[in-house]
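So the structure is just underneath, and the comments pick up after that.
What follows is calculated from the coordinates using simple rules that are stated; it is not laboratory data. Owing to the predicted nature of the structure, the values given are computational and were not obtained by experimental measurement. No Cβ is skipped: glycine too gets one built from the backbone with ideal geometry, and neighbour counts run over all protein chains shown.
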Amino acid sequence: DEQILHLVDGVRKTKKHLQETHEHLKRNGEWQSHILTTIDNEKSTIGNIVEEIHNELNTNVTTIKQTIQTILSSKIKELEHSLASGLTQFNDLEKKFQHENEQSIKTIESLKQQKQHLELQLGEINKTLLQVSETLSETSQTAETEKQKLEKEL
């Protein structure tokens, strides 16, 4: 009898342990299922965020390009107008004082130097415009590289 009671008690304990293990495995499976669902939802959310970042980045790059081009175009027109006006004034003054005294000749020489200086400035402006253009191109390329890097990371 004692052996049977001992065996019955062992079977009960084993059954109880198996039931607890079963419940634990069931909860663990539900928990893992919940985690997988959460991960899938987060993947979708991250994908949407990446797409929003991508779109915003493209919009920002385009806006920056357009703004820089507008500003540069406006500044170039102002400078061209200013230089053209200065050159026109120079030409008018050169004609007016062509036959006057030595002081007038010195003034003309000074105006010629100013003209040369303005022409040098125009050359420098053109160089600067080229550099800005190259920088804009590099910025666009860097933005594209960063965008690709972000997309890979995400």
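Can you give the extra length, in nm with one decimal, that the chain gains between residue 110 and residue 67 once fully stretched, where that is 0.36 nm per residue apart less the Cα-Cα distance?
Values: separation 43, 0.36 × 43 = 15.48 nm, distance 3.85 nm.
Taking 0.36 nm per residue and subtracting the Cα distance, the gain is 11.6 nm.
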*Which entry is the computed percent of Cα pairs over 27 Å apart for this structure: (1) 65; (2) 30; (3) 46?*
(1)
*For the stretch 55-95, report the translational diffusion coefficient in µm²/s to the nearest whole number, using Stokes-Einstein at 25 °C, 0.890 mPa s, and a Kirkwood Rh over Cα pairs.*
199
*So how tilted is helix 2-96 from the main axis of the chain? Cα-based, degrees 0 to 90, rounded to 10.*
0
*Using only Cα atoms, tell me the angle between helix 102-153 and the longest principal axis of the chain; keep it within 0 to 90° and round to the nearest 10.*
10
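To the nearest 20 debye, what is the magnitude of the charge dipole of the chain about its Cα centre, counting +1 on the Cβ of each Lys and Arg and -1 on the Cβ of each Asp and Glu? Please report the intermediate quantities before stating the final value.
Values: 19 positive and 26 negative charges, 16 e Å.
I would put it at about 80 debye.
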*Find how many whole Å separate the alpha carbon centroid of the stretch 107-136 from the alpha carbon centroid of the stretch 28-42.*
67
*asked:* Among 106, 77, 127, which one shows the highest mean-square fluctuation when the chain is modelled as a Gaussian network with alpha-carbon springs under 10 Å?
replied: 106
